[in-house]
Amino acid sequence: MFLSVFDMFKVGIGPSSSHTMGPMVAAARFLDQMRASPFHFAGLRASLHGSLAFTGVGHATDRATILGLAGFTPGDYDADRAEAVLAQINETHKITVDGLPPLRFDPKSDMIFDYDHKLEGHANGMMLMATDGQGDVNLSETFYSIGGGFVMTEAELAAGKDTDEGAPVPFPFKSAAEMLDMAKSSGKSIAQMKRDNEVSRNGEVHLRSGTKRLWQVMNDCINRGLSSEGILPGGLSVKRRAKGIHDALMAERGLNQSAPHTINDWMSVYAMAVNEENAAGGQVVTAPTNGAAGVMPATLRYYLDHVPGAAESHVEDFLLTAAAIGGLVKFNASISGAEAGCQAEVGSAAAMSAAGLCAVMGGTPEQIENAAEIALEHHLGMTCDPVKGLVQVPCIERNGLGAIKAVSAASLALRGDGTHLVPLDACIETMRQTGADMSEKYKETSLGGLAVNVPNC
């Protein structure tokens with residue numbers, strides 16, 4: 001089993017990897033199908049189902065789908081150009097994209113929110129259709145946005161989870177137990193095994209430049225969030241708080257008046273800065289999703305800015321270790337809030353971050369596995385109930401608490417020798433089962449929990 005660090009961590013846009021980035025990616029794939037088809041097309045239509053319908057407006061799913069059909073992709077998204085193109089589509093009711101004739105598309109009638117018909121494959125389902133001059137559908141595809149910006153067609157999903165058809169990698173572990181066995185027999189760290197896998201597929205230059213860019217985008221996102229003020233979009237009137245908290249923390253430095261627990265505020269403010277940027281539609285890195293994008297940058301920034309002896313040369317090991325753990329969670333359970341609740345998003349992010357931090361602080365493979373298990377175990381059962389379908393409440397603060405749990409889990413694991421009662425594999429399987437049993441109301445539909453109990457929402 002191989003999942004690249006660049007699949008697990010993708011540069012994209014907010015507010016949601018599964019509800020914004022995924023539909024945009026699906027639309028781009030559908031355009032490729034149209035270009036390869038012998039049919040002549042005159043129009044487009046899209047329908048959103050399940051969680052994509054229920055929280056689609058809050059997550060800008062309709063907007064992302066339209067932009068994807070207009071040729072936009074998350075990795076090279078240009079906000080100013082997107083606004084101009086959307087305005088043109090709303091005015092002309094036509095989409096113009098390279099390699100295809102002008103296509104009829106009226107956002108009011110051709111973008112359909114289907115609340116009544118959930119598609120069978122996944123909670124995040126959508127159908128994209130191309131029509132002829134009579135308005136009849138002559139090409140259609142069902143896509144599922146399965147979390148973290150990953151998209152699969154109905155056929156791909158039916159084929160199973162293990163769709164990797166590339167060349168064999170040196171360390172193809174599919175479970176934490178296999179990972180530990182391979183580390184023991186090879187004498188390599190988790191990061192070294194993951195590095196060998198990456199290099200065998202894509203080369204060392206690609207790995208080094210790519211991981212450097214990932215951290216650059218993460219860190220830039222923190223810095224933008226720490227310097228930005230105002231009200232977040234969406235109608236909840238949520239005020240950005242990261243800058244104010246950061247300014248206060250900076251003012252307290254050197255005064256010797258801060259309580260030891262103030263370090264938690266630093267971790268929280270780094271994460272909140274990222275998720276405020278995400279809520280505003282800014283550039284983030286899925287880690288492993290947008291809704292949980294603040295946990296890992298916050299943990300890494302905490303390490304670099306507050307841990308004695310920290311060095312940026314260790315960032316690659318952090319990301320590789322985290323990606324190894326994230327791959328296990330995705331392969332054996334889920335990283336999708338619409339499929340398994342927020343335990344699959346912030347819980348997974350905390351487990352990945354705890355593992356990465358433990359690794360760069362000298363942890364053994366056994367201690368790293370323990371750190372990931374501790375962090376995930378104490379997110380089990382966490383629901384996904386975003387107020388008004390926006391990735392704001394409780395998501396922004398939740399990332400801060402996820403970072404605190406990640407650091408605590410790594411610290412606890414480093415105090416032990418790696419032996420513990422609950423294996424990470426058992427914890428991942430428990431998360432999967434819990435997600436399967438969880439009511440749909442608590443899986444990113446905004447039909448239960450805080451989403452219905454906060455007044456005036």
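Cβ-Cβ under 6 Å, sequence separation 6+ or interchain: first residue in segment 53-75 and surrounded by fewer than 24 Cβ atoms within 10 Å (Cβ to Cβ), partner acidic (Asp, Glu) and at pLDDT 95 or above. Which pairs?
Hits for this filter: Ala53/Asp114.
Within segment 206-228, is even one residue over 24 Å from the mean Cα position of the chain (by Cα), of a type outside the set (Phe, Trp, Tyr) and exposed (fewer than 14 other Cβ atoms within 10 Å of the Cβ)?
Scanning segment 206-228, I find no residue that is over 24 Å from the mean Cα position of the chain (by Cα), of a type outside the set (Phe, Trp, Tyr) and exposed (fewer than 14 other Cβ atoms within 10 Å of the Cβ), so the answer is no.
Filter segment 173-191 down to the residues that are assigned to a helix (DSSP H, G or I) and either aliphatic (A, V, I, L, M) or touching a residue at least 12 places away in the same chain (Cβ under 8 Å) (or both) and list them by number.
Ala176, Ala177, Met179, Leu180, Met182, Ala183, Lys184, Ser186, Ile190, Ala191
Please state which one of Gly160, Gly235 is free of Cβ contacts under 8 Å to residues at least 12 places away in the same chain and either part of a helix (DSSP H, G or I) or not hydrophobic (A, V, I, L, M, F, W, C) (or both).
Of Gly160, Gly235, the one residue that is free of Cβ contacts under 8 Å to residues at least 12 places away in the same chain and either part of a helix (DSSP H, G or I) or not hydrophobic (A, V, I, L, M, F, W, C) (or both) is Gly160.
Determine if segment 425-443 includes at least one residue that is touching a residue at least 40 places away in the same chain (Cβ under 8 Å) and in contact with a Lys or Arg (Cβ under 9 Å, 6 or more places away or on another chain).
Among the residues of segment 425-443, at least one is touching a residue at least 40 places away in the same chain (Cβ under 8 Å) and in contact with a Lys or Arg (Cβ under 9 Å, 6 or more places away or on another chain), which makes the answer yes.
Return the pairs, sorted by first residue and then second, in which the second residue is among the hydroxyl-bearing types (Ser, Thr, Tyr), the first residue lies in segment 339-351 and is on the phi > 0 side of the Ramachandran plot, the beta carbons are less than 6 Å apart, and the residues are 6+ apart or on different chains.
Gly341/Thr383; Gly341/Tyr442
Name the one entry in Lys118, Lys184 that is basic (Lys, Arg) and either modelled with pLDDT of 95 or more or assigned by TED's automatic domain parsing to the domain that holds Gly337 (or both).
Lys184
Quickly run through segment 221-232 and pick out the residues that are over 11 Å from Tyr270 (Cα atoms) and either among the polar types (S, T, N, Q) or in contact (Cβ under 8 Å) with a residue 12 or more places away in the chain (or both).
Ser227, Ser228, Glu229, Leu232, listed by residue number.
Considering only residues of segment 1-39 that are farther than 25 Å from Gly294 by Cβ and modelled with pLDDT under 95, which is surrounded by the fewest Cβ atoms within 10 Å (Cβ to Cβ)?
Filtering first and then ranking leaves Met1.
Do we find that Ile95 is touching a Leu at 6+ places or on another chain (Cβ under 6 Å), farther than 19 Å from Thr153 by Cα, without any contact (Cβ under 8 Å) to a residue 60 or more places away in the chain and among the aliphatic types (A, V, I, L, M) in this structure?
yes
In segment 94-104, which residues are surrounded by 13 or more Cβ atoms within 10 Å (Cβ to Cβ) and out of contact with any Ser or Thr (no Cβ under 9 Å at 6 or more places or on another chain)?
Lys94, Ile95, Thr96, Val97, Leu100
How many residues does segment 432-457 contain that are more than 18 Å from Asn124 (Cβ to Cβ), touching a helix residue (DSSP H, G or I) at 6+ places or on another chain (Cβ under 9 Å) and either among the aliphatic types (A, V, I, L, M) or in a loop (DSSP other than H, G, I, E, B) (or both)?
5
Looking only at residues that are in contact with a Leu (Cβ under 7 Å, 6 or more places away or on another chain) and either part of a helix (DSSP H, G or I) or assigned by TED's automatic domain parsing to the domain that holds Asn124 (or both) in segment 377-408, which one is farthest from Ala279 (Cα to Cα)?
Val407
Pull up segment 412-446, narrow it to residues that are surrounded by 22 or more Cβ atoms within 10 Å (Cβ to Cβ) and among the aliphatic types (A, V, I, L, M), then point me to the one that is farthest from Gly327 (Cα to Cα).
Ala413
Conditions (1) outside the structural domain of Lys388 (by TED's automatic domain parsing); (2) charged (D, E, K, R); (3) under 15 Å from Ser140 (Cα atoms), marked per residue:
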| residue | (1), (2), (3) |
| --- | --- |
| Met1 | yes, no, no |
| Ser37 | yes, no, yes |
| Leu52 | yes, no, no |
| His59 | yes, no, no |
| Asp76 | yes, yes, no |
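Name every residue in segment 329-364 that is crowded, with 24+ Cβ neighbours inside 10 Å and of a type in the set (S, T, N, Q), in order of residue number.
Ser334, Ser336, Gln343, Ser348, Ser353
Are there any pairs with C-beta distances below 7 angstrom linking a residue in segment 295-318 that is farther than 12 Å from Asn219 by Cα and surrounded by fewer than 22 Cβ atoms within 10 Å (Cβ to Cβ) to a residue that is aromatic (Phe, Trp, Tyr) and modelled with pLDDT of 95 or more, with the two at least 6 apart or on different chains, and if so which?
So the pair list comes out as His306/Trp266; Ala310/Tyr303.
Out of segment 312-363, which residues are in contact with a strand residue (DSSP E or B) (Cβ under 6 Å, 6 or more places away or on another chain) and assigned to a helix (DSSP H, G or I)?
Residues satisfying the conditions are Gly337, Ala338, Cys342.
Tell me yes or no: at least one residue of segment 410-423 is in contact with a Leu (Cβ under 7 Å, 6 or more places away or on another chain) and not charged (D, E, K, R).
Looking for residues that are in contact with a Leu (Cβ under 7 Å, 6 or more places away or on another chain) and not charged (D, E, K, R), one finds at least one in segment 410-423, hence yes.
Please state which one of Glu91, Glu120, Glu141 is surrounded by fewer than 16 Cβ atoms within 10 Å (Cβ to Cβ), under 26 Å from the mean Cα position of the chain (by Cα) and not β-branched (Val, Ile, Thr).
Glu120
The values are calculated or read from the model by the stated rules, or taken from the named source; none is laboratory data. These numbers were taken from a predicted model, which means no experiment stands behind them. Cβ sites come from the backbone with ideal geometry, for glycine too, and all protein chains shown count toward neighbours.
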